[in-house]
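Working notes, beginning with the structure itself.
Laboratory data are not the source of any read-out in this text; all were calculated from the coordinates shown. All values reported here derive from a predicted model rather than from experimental measurement. Note: ideal-geometry Cβ built from the backbone for every residue, glycine included; neighbour counts use all protein chains shown.
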Amino acid sequence: MSDHETPPEPAADRIDAGVAAVVAELSYDLDDAGRAAVRERVIGHLKLGDALRAFPLENADEPDFIFRVYRAEG
Amino acid sequence: MTNERHDSTVIELGRLLRAGETTPTELTRMYIERLDVVGRRYNAVVTITEERAMREARQAEAELNAGFDRGPLHGIPYGAKDLLNAAGYPTTWGAIPFQDQQFPADAQVIERLRDAGAVLVAKLGMVELAGGMGYDQPNASLTGPGISPRGAADSWAGGSSSGSGSAVAAGVVGFAIGSETHGSITSPANNCGISGLRPTFGRVSRRGAMALSWTMDKLGPMCRSAHDCGLVLDAIAGPDPGDPSASQRAYRYPASAMRTEGFRFAILAGCTENVQPEVKANFEASLAILEQMGTLEEVSLPDLPYNDVARVIIDAEKAAAFEELMTSGSVRGLTAPEDRVNGLASLAIPATVYIRALRIRRKLCVELDAVFARYDAILAPTSPTVASPLDTNFDDYFPRAKRSSLGSAANVAGLPGIAIPNGIGERGLPTSIVFTGRAWEENTILAAAKAYQERTWS
């Protein structure tokens, strides 16, 4: 999916789960406005995830990790 | 030497020093005074590092007097975006929750500039946490909204390297260091009418710099000319075992014998659709100049999800970098109301989505390299607009959805770009053109930008 195509609206249970996951991480309560902002952004992230899932990949397509093996000199 | 030389380039300041028309201490005192009086007017200053600056200036003066010349930056005062550690001073990250934090050692870039003889005069204002929390209007910093010194009315300096941009434009430093994850050097370069270089990812060590996105953050020079950007990059670039992402490639800026013609330029297709009329007119005027320097043809980027990949990578890495800030509630101390909540959803991005973005990223890099290999630079307006008014949300001034994908593509792939001013637009504010190059081709885009400036500056 290119930058110009918009995935469909995610299902409500996925949105609710995403919001719940965020709220569970916080050590404080969000007010209604905060929850609404989180909800809006969760929807955005779900759409991003769906857009990226539509991009075809094969098992051999590796991610670019920074990780390199380490061995002390000497 | 009087104040009138405050907006000289590094080269010009160096000439004045070596001709005995000024000294490092005189220059430093001038810039310290200007930082305090003029710099603060633009919310560009967090901390003036006066004691350190005078010490470094005296050392530079003694060395130059003794005939020991460290090179073009010797004795030149500069400012550092306040995400770069400088021992003995706060490094605030532009954010109230971190306004008192200090680190015991200098960032690698600061060390290298010290070795080059440059004089650190100030830590410069920035958007809080380099904009990572999703700010959507200019008032998003503990020092207040960055203000561009250009134009007739209060306009945003751009971000997140707001203070670096306005400090260079206002002539309160000889040059500055900024950073870019996604637009944070080129945006203030555009809004403040200066030259800003985003190097290839890995060209400059990020040891001792705040991390927003470990795989997308780049540190780079912000100066009054492309040539100055090359001189500064020469000092700060190079391998560093202390930064695992820093490349082993050595870097040298060939100050002389740089190409001035014979360039292969490409114009990004559609890049003047959805831009302000003056942005388009000035870009087309720039093309007329660049046509004298080489060939021009139109090119399209492969139709790939650059923006989506960039957003997932930045948001996921940002969530890891600032997890404690967000989960503890300290995020509620940030300046911009939207920054207190907009970043929270990133805490729930699945690892599978992030890793998928990294897998797609490699494919983007390969396809983009095939395009960039054909050209010395791909050209586009740096921004579709001039600086927005301080009292206006960004999307209300110009919807982000209408912007071209070049910025996302270049930052996802870690490609270098230099933004330089190319005229005046709406409200008397500068417009800018960006030269984006292939990985590791800083010298090619610097040569093109330098040659363009030599042709267009009287």
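Which chymotrypsin sites (Phe, Trp or Tyr not before Pro) in the stretch B:342-413 sit in a loop by DSSP (not H, G, I, E or B) and have at most 13 other Cβ atoms within 10 Å of their own Cβ?
Numbers: sites: B:Tyr354, B:Phe372, B:Tyr375, B:Phe394, B:Tyr397; in loops: B:Tyr375.
Here no loop site has a sparse enough neighbourhood.
What is the average number of partner chain Cβ atoms found within 10 Å of a Cβ in A:16-24?
Details: counts 0, 1, 5, 3, 1, 5, 9, 3, 3.
Per-residue shielding by partner chains comes out at 3.
If the reach is capped at under 27 angstrom between alpha carbons, list the lysines near B:Lys280, excluding any in the same chain fewer than eight residues apart.
Straight-line reach from B:Lys280, under 27 Å: B:Lys402, B:Lys450.
Amide H of B:Gly329: which non-local residues (sequence gap of 5 or more, or other chain) have their own amide H closer than 5 Å, using H built in the peptide plane?
Residues meeting the amide H criterion: A:Ser27.
For a protection proxy built on the mean count of beta-carbon atoms within 10 angstrom, sort B:270-282, B:293-305 highest first, please. Could you put the intermediate results ahead of the total?
Details: B:270-282: 17.7, B:293-305: 16.1.
Highest-to-lowest ranking by the protection proxy: B:270-282, B:293-305.
Arranged from highest to lowest average of other beta-carbon atoms within 10 Å per residue, in what order do the peptides B:80-86, B:12-18 appear?
Values: B:80-86: 29.1, B:12-18: 18.4.
Most protected by this proxy first, the peptides run B:80-86, B:12-18.
Can you name the helices of chain B, as whole DSSP H runs, whose Cα span along the helix axis is 18 Å or more and whose Kyte-Doolittle mean is not below -0.5? Walk me through the numbers before you get to the answer.
Values: long enough: B:24-37 (20 Å, -0.40); B:50-65 (22 Å, -1.57); B:277-290 (20 Å, 0.55); B:306-321 (22 Å, 0.17); B:351-372 (31 Å, 0.58); B:442-456 (21 Å, -0.64).
Span-like helices here: B:24-37, B:277-290, B:306-321, B:351-372.
For the stretch B:100-171 and the stretch B:1-47, what is the separation of their C-alpha centers, rounded to whole Å?
Their Cα centres are 17 Å away from one another.
Going by amide H atoms built from the backbone, whose H comes under 5 Å of the H on B:Trp440, apart from near neighbours?
B:Thr200
Could you work out, residue by residue across B:307-314, how many beta carbons of other chains sit within 10 Å of that residue's beta carbon, and then give the average as an integer? Numbers along the way, then the final one.
Values: counts 5, 13, 5, 1, 5, 5, 1, 0.
That average works out to 4.
Taking chain A as the reference, fit the longest principal axis to its C-alpha atoms, fit the long axis of helix A:32-53 to the helix C-alpha atoms, and give the angle between the two in degrees, 0 to 90, nearest 10.
Rounded to the nearest ten degrees, it is 50.
At each listed q (0.12, 0.20 Å⁻¹), what is the log10 of I(q)/I(0) that the Debye formula gives for chain A modelled as equal alpha-carbon point scatterers?
Values returned for q = 0.12, 0.20 Å⁻¹ are -0.55, -0.92.
For B:Lys218, which lysines qualify as cross-link partners when the Cα separation must be under 19 Å and same-chain residues fewer than eight apart are set aside?
Counting by Cα, and skipping residues close in sequence, B:Lys218 has these lysines nearby: B:Lys81, B:Lys123, B:Lys318.
Tally Lys/Arg at +1 and Asp/Glu at -1 over every other residue whose Cβ is under 13 Å from the Cβ of B:Val168; what's the total? The partial results should precede the final answer.
Details: positive: B:Arg34, B:Lys81, B:Arg150, B:Arg224; negative: B:Asp7, B:Asp228.
Computed value for this residue: +2.
Considering the dipole of the protein assembly as shown built from charges on the beta carbon (Lys and Arg +1, Asp and Glu -1) around the Cα centre, which of B:Ala410, B:Ala170, B:Leu13 is farthest to its positive end?
B:Leu13
Within 12 Å, Cβ to Cβ, of B:Leu379, how many net charges do the neighbouring residues add up to if Lys/Arg are +1 and Asp/Glu are -1?
Details: positive: B:Arg264; negative: B:Glu284, B:Glu291, B:Glu297, B:Glu298, B:Asp376.
Around B:Leu379, the surrounding residues sum to -4.
In peptide A:43-53, what is the residue-averaged number of other protein chain Cβ atoms found within 10 Å of each Cβ?
On the way: counts 1, 3, 10, 5, 1, 10, 9, 2, 7, 13, 3.
Averaged over the peptide's residues, the number is 6.
Per-residue counts of other Cβ atoms within 10 Å, averaged by peptide: what ranking do you get for B:91-98, A:17-24, B:150-157, highest first? Present the calculation step by step, with values, prior to reporting the outcome.
Numbers: B:91-98: 24.5, A:17-24: 17.8, B:150-157: 20.4.
Descending mean neighbour count gives B:91-98, B:150-157, A:17-24.
Among rounded, prolate and oblate, which fits chain B when a ≥ b ≥ c are the square roots of the eigenvalues of its C-alpha gyration tensor, a/c under 1.5 means rounded, and a/b larger than b/c means prolate? Walk me through the intermediate numbers first.
Details: a/c = 1.40, a/b = 1.11, b/c = 1.26.
It comes out rounded by the Cα gyration axes.
Calculate for the protein assembly as shown the 222 nm mean residue ellipticity that helices alone would give, adding -39,500 (n - 2.57) per DSSP H run of length 4 or more and normalising by residue count, nearest 500 deg cm²/dmol.
The per-residue figure over the protein assembly as shown is -11500 deg cm²/dmol.
Under a 5 Å amide H to amide H cut-off, with H placed in plane at 1.01 Å, what residues pair with B:Gly423 once short-range neighbours are removed?
Under 5 Å from the amide H of B:Gly423 lie the amide H atoms of B:Thr431, each far enough along the sequence or on another chain.
Whole number please: convex hull volume per residue, Cα atoms of the protein assembly as shown, in Å³.
On the way: hull volume 81.9 nm³, N = 532.
Looking at the protein assembly as shown, the number lands at 154 Å³ per residue.
In debye to the nearest 20, how big a dipole does the protein assembly as shown give about its Cα centre with +1 on each Lys and Arg Cβ and -1 on each Asp and Glu Cβ? Show your work: numbers first, answer last.
Working: 52 positive and 68 negative charges, 186 e Å.
With only Lys, Arg, Asp and Glu charged at Cβ, the dipole is about 900 debye.
Quick one: grab the alpha carbon gyration tensor of the stretch B:316-446, order the square roots of its eigenvalues as a ≥ b ≥ c, and give me rounded if a/c is under 1.5, else prolate or oblate depending on whether a/b is larger than b/c.
Working: a/c = 2.55, a/b = 1.21, b/c = 2.11.
Note, shape of the stretch B:316-446 comes out oblate.
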